[in-house]
Each structure stands twice: as C-alpha cells, then as structure tokens.
Amino acid sequence: MEASTTTTGEATSNKVLVRANEIEKTYGSSFPFTRSVTVLTDADLEIRTGEIVGIVGANGSGKSTLMNILVGVLEQDSGTVERTGTVGWCPQEPLLYDRLTVGETFRLFGSGYGMTAEEIDEAKHRLASKLDFEQYLDYRIDQLSGGNRQKINLSIALMHNPDVLMLDEPYTGFDWETYLTFWDLAEELAADGTAVTMISHLIEEQSRLDRIYEVRDGQVYDVTDQEAETDATASERGEATDE
Amino acid sequence: MNRTTTAFSIGIKEQVRNYVLVALLVVLPVSFITLAFAVTQNVEMPVRTLVDGETVTVMRGMPEVHGVIMTPITSALIAGLAGLFLMREAKDTDGRLAVAGYRARQVIAARFGVLAAITLIVTGVSVGVMRVDFQPEYLWWFVAAMLVVSLTYGLIGMLVGAVFNRLAGMWLMLILPMLDIGLFQDPLFIQSEPDWWMKLFPGYWPVRVMVDTGLTTDVDTALSLVWATGYLLLVAVLAIGIYYRVTQAS
C-alpha cells in the first residue's frame, strides 16, 4: 500500500477527525552493517471530535512515531492518514527557538496559524494567565526553566484553538497545580469539541480518557473496555476489602 | 506582515542574539585580515593570474597577495559556520513551523534570506577591513566574487549541518575554507595551474576572479565569475533539496 496523507475541510460534531489505516514504519539506515528497526506494522486508529484519547504502550513501542505520523512531521512507509480541521502539536521535547523570547515565539507560530496580531496577543495573554507564565513573556526560551519551557511548548499547540490536539507527554516538568490546570484545560477543550490525543504513561490518568489505544508489537489496539474492566475489578476488590 | 516576512525578521533577531556568530564577525576579520597584512614580510612574489586571456606570472608584494587570500577565507569561514548553525537549528525545529501552517517555500525563503543577509554583512565587514590596508584594482568585481564564494560556503555549511552534528560540522567548516582557498587556490603555494581535483573546490573560480581583479589592471576573469555563479546555483539547489528533506517542510 502506498503512503498518503490528506488534510481536509472543517470539523463537525461527532466526526472522525483523524483516521489512520494500515500504517507501517521502519527506521532504516543507509550505513552498512547497521540494522533497521520496524516500529509500526499495521496500525489503524480513529480520533473523533470531543474525545480525550490516550495512546499508551511500553517504552520504544512506537507511540511517538505514531503521533509524529498522525501530525505529519514524519512520513509513513505505507498506509494512509486522513486529517480534518486544524492540528495543534505539542512534541515531547520542546521544539522552540532558544534565542527567541516567549512573545516572539507566539508571533512566529501565530503567523503560521494565520492569526492576526490581535488574536496572537489575546491567545498569548490568555494562556500565560491560565498556565501562569505571564512574568516570563519577555524572557528568552533558553532562560526559562524546564517546566516553563514545557508550558510554552504546550501553549504553542493550543494558541489557535485547533480541532485536533496532539500531545506527546505534555505535562513533563509541570508542578502539581499546573498539572491539574492542564487537565481542566484538556477537559474544557474536549467539551468544546476539540479532539484531544495524548501519549500517557500514568495509570491514574486513564480514568480521565474517553478512549485508550495501546501500541504493541507494531499494531494499535483499542483497550478502552479492558481498562474499564480493570478499573471495575480493582474497584470491586477495593470494596470487598473495605467490607 | 506575511509569514515569510515574519519568519525572516524573527530569524534575523535570533541570529543577532547568536553571540558566537557576532564575536566571530568582530574578531576574525581583524585577526585574520589585518594581521595578515601586518605580519607578512614585504617582498615581491611571483603570482599566477590571467592577463589578456593567458595564464602568466606577475610579481606582486606578498602582503597584498596574502591579504587577498585571507579576506575570502575569513568571509567563507564565518558564512559557512552561520549556514551550519542555521541548518542545525532548522533541522530540530522548522518541522514544527510546517505543522503550524508555514508552506515550504515560505520557510525556505526566510531561512535562506537570513543566510543571505548574514553573508552580505560578513562580506561587507571583511572587505571593509581589507580596504584599510589594500585597495583592489576593481572593487566591485572583487566584491562580487567575495559574495559568491561566501554564499557558496554558507550553503555548504547548511549541507554539512544536515549530515554532521554541531562539533563535527564546526571542524569541517573551519578546515574546508582554509584548505580550499588558503592552500589549493593560493597563488603563493600553487605556482602552476591547480590539479583537476583542486578545481572542484568552491574557491577555485571566485579566487581566480579575486586575484585577477584585486592584483592586475585588467578584468580577464568575467567567465570565471559566471562559472562561480553556476557552482553557487548548483549548491543552492542541493541545499534547498536537503533542507526540504530534513525539516519535512510541506
């Protein structure tokens, strides 16, 4: 199957915004005596409006590879990706320009999103207030702590109110308050119809997810029901113990 | 302000804050060019160049010849490092600009525009410092060849940055202009025509122009400037292709 990626129109309610079919990806090497690594073999996935979707899996299972393909920064070897609406992407490592200030970073990416100067300014102050980095707007990125860099990394993904939000472990380095604020924000966005997709490692946050995909052996499994059963079993066990 | 202009103006700000680059721009021209004139023994040396279409040997002062060679080395070295830094940063982050909605041509225009602006400044500073000690016979021909060789090295810096990490890339971009312009093309070292493989280096055609228009009273190397420009265009096409590939701009 040939590789293809299409991006179309605007999102409507309860609609599939991202559909990946039979995605295959192998990291090769052009150097002799080095081996190639097959990461995804036949991965299928759907993401709908208003869902909070978690992508889970062991280290090296291909979660970030899958997300990078869904976003469009990495090309799959074969399979198709269809995207509808606008995308916001928060990569695992903050991909920001170290010598730009926070304000300049917003202007650079806002211009890419097609936002006016007023819209960029409004988004910058709204997110700075929400995630508590107002005092750092004139700081250069390389002068920020890891947690504050991550706040900017996340804000750049959110600033244009995208239809689909792709987050690769977005809360790395966040303090507890910011972590809770992040979840409030994610739930607000999902309530407004944004499809929020995130790579997650934390068991306790799986109860917050509407759908859970596990990347395992190169394929993607919908394990939402299994997780629900596990939760229910654990809950029953807890009740039994209490009794 | 459109996307290209925004990315270009912010890219310039970013480079102005690159203190290593700014320090190189201040320190290298003085230490390479001014010192070359100051410490070189003032004796007449045979120099190979073109006169009336014929390769001949003329006698010129060694400080002048050394200055003529050290000026493009300085400029090529700084432009090459600037290209390297630009590509290293672009490789990591410019893909995110594509996700944000920038078209490939917009990011490419901005990034290559920043490199062109740096090259203009580097060339201007290098030639300005050189003119304190030496006036080329045909200034604008000399400057044109300087721009071509500097821009070529800037783009080669980008190509190196796409393949090698920052440290390996820096070593390469320090050594390459020294070997090419300072050894293979230097008429003080190579008295006869350079070997065929030396002519493949980016400095061959521009240095012919600089030696001719800097040290002789006729312009005999117009065709060499055309070849140098062709070489530049070839490297530019390669650099754009590689940039497009490594940043996944779409």
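The values are calculated or read from the model by the stated rules, or taken from the named source; none is laboratory data. Note that the structure is a prediction, hence the values are computed from the model and not measured. With ideal geometry, Cβ positions are generated from the backbone for all residues, glycine too; neighbour counts draw on all protein chains shown. To get the accessible areas, we keep the full protein, side chains included, count just its heavy atoms, and leave off ligands, DNA and RNA. Shrake-Rupley method; radii C 1.70, N 1.55, O 1.52, S 1.80 Å.
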Subtract the Cα-Cα distance of residue B:135 and residue B:120 from 0.36 nm times their separation in residues, and report this length gain in nm to one decimal.
3.5 nm
Taking Cα pairs under 8 Å and at least six residues apart, what relative contact order does segment B:14-114 come out at, in percent?
23 percent
So what are the ³J(HN,Hα) numbers for segment B:149-157, from phi and the Karplus equation (6.51, -1.76, 1.60; θ = phi - 60°), rounded to whole Hz, Gly and Pro as x?
5, 5, 5, 4, 5, x, 5, 5, x
Do any residues of segment B:8-30 show a loss of at least 30 square angstrom of accessible area between the isolated chain and the full protein assembly, using a 1.4 Å probe, and if so which?
B:10, B:13, B:14, B:17
For the protein assembly as shown, the accessible surface attributable to carbon and sulfur atoms (probe 1.4 angstrom, ligands and nucleic acids excluded) amounts in percent to 56 percent
Given a cut-off of under 8 Å on Cα pairs at least six residues apart, what relative contact order in percent is computed for segment A:68-159?
38 percent
With +1 at each Lys and Arg Cβ and -1 at each Asp and Glu Cβ, the charge dipole magnitude of chain B around its Cα centre, to the nearest 20 debye, comes out at 1440 debye
Provide a list, ordered by number, of residues in segment B:69-115 showing at least 50 Å² less accessible area with every protein chain present than when their chain is taken on its own, using a 1.4 Å probe.
B:93, B:96, B:99, B:100
Could you run the Karplus curve 6.51 cos²θ - 1.76 cosθ + 1.60 with θ = phi - 60° over segment B:166-182 and give me ³J(HN,Hα) per residue in whole Hz, x for Gly and Pro?
4, 5, 4, x, 5, 4, 4, 6, 7, 7, 4, x, 5, 5, 5, 7, x
From the phi angles alone, apply the Karplus equation (6.51, -1.76, 1.60; θ = phi - 60°) to segment A:43-60 and give each ³J(HN,Hα) in whole Hz, x where the residue is Gly or Pro.
8, 10, 6, 10, 10, 10, 4, x, 9, 9, 10, x, 10, 10, x, 5, 4, x
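Accessible area lost on pairing A with B, both sides, 1.4 Å probe, Å² to nearest 100?
Protein heavy atoms only, the A-B interface buries about 2300 Å².
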If you average the alpha carbon positions of segment A:35-102 and of segment B:10-79, how far apart do those two centres end up, in angstrom?
48 Å
Length gain on complete extension for the stretch residue B:2 to residue B:171, per 0.36 nm per residue less the alpha carbon to alpha carbon distance?
57.1 nm
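How much area per residue is accessible in segment A:130-230 when the probe is 1.4 Å and only protein heavy atoms are counted (Å²)?
44 Å²
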Expected max-MSF residue from A:131, A:165, A:108 in the GNM of chain A (alpha carbon, under 10 Å) is A:108
Long-range amide H partners of residue A:194, meaning residues 5 or more apart or on another chain whose placed amide H is closer than 5 Å, are A:50
Rounded accessible area per residue of chain B, 1.4 Å, Å²
42 Å²
Starting from the Cα of residue A:138, step 7 Å along the direction of its Cβ; do the same at residue B:244; then give the gap between the two resulting points in nm.
4.3 nm
For the pair residue B:237 and residue A:177, the simple spin-label estimate (label points 7 Å beyond Cα toward Cβ) gives in nm 5.9 nm
With respect to the cross-link table entries A:63/B:91; A:124/B:91; A:124/B:13; A:63/A:151, which display a Cα-Cα separation exceeding 24 Å?
A:124/B:91
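Looking at the protein assembly as shown, what % of its DSSP beta bridges pair antiparallel, to the nearest 5?
Roughly 55 percent of the DSSP beta bridges within the protein assembly as shown come out antiparallel.
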Only Cα pairs within less than 10 Å get springs; with that Gaussian network setup on chain B, which residue of B:53, B:124, B:113 has the largest fluctuation?
B:53
Alpha carbon centroid spacing (whole Å) that separates segment B:85-129 from segment A:154-206
32 Å
What aspartates and glutamates could a cross-link reach from residue A:15, if we take a straight Cα to Cα line under 17 Å and drop same-chain neighbours fewer than 8 places away?
A:44, A:46, A:51, A:82, A:163, A:192, A:210
With a 10 Å cut-off between alpha carbons and a GNM built on chain A, which of A:126, A:211, A:19 moves the most?
A:126
Put simply, what bits of segment A:64-105 lose 40 Å² or more of accessible area when the other protein chains are there, versus the chain on its own (1.4 Å probe)?
A:73, A:89, A:95, A:97, A:99, A:100, A:104
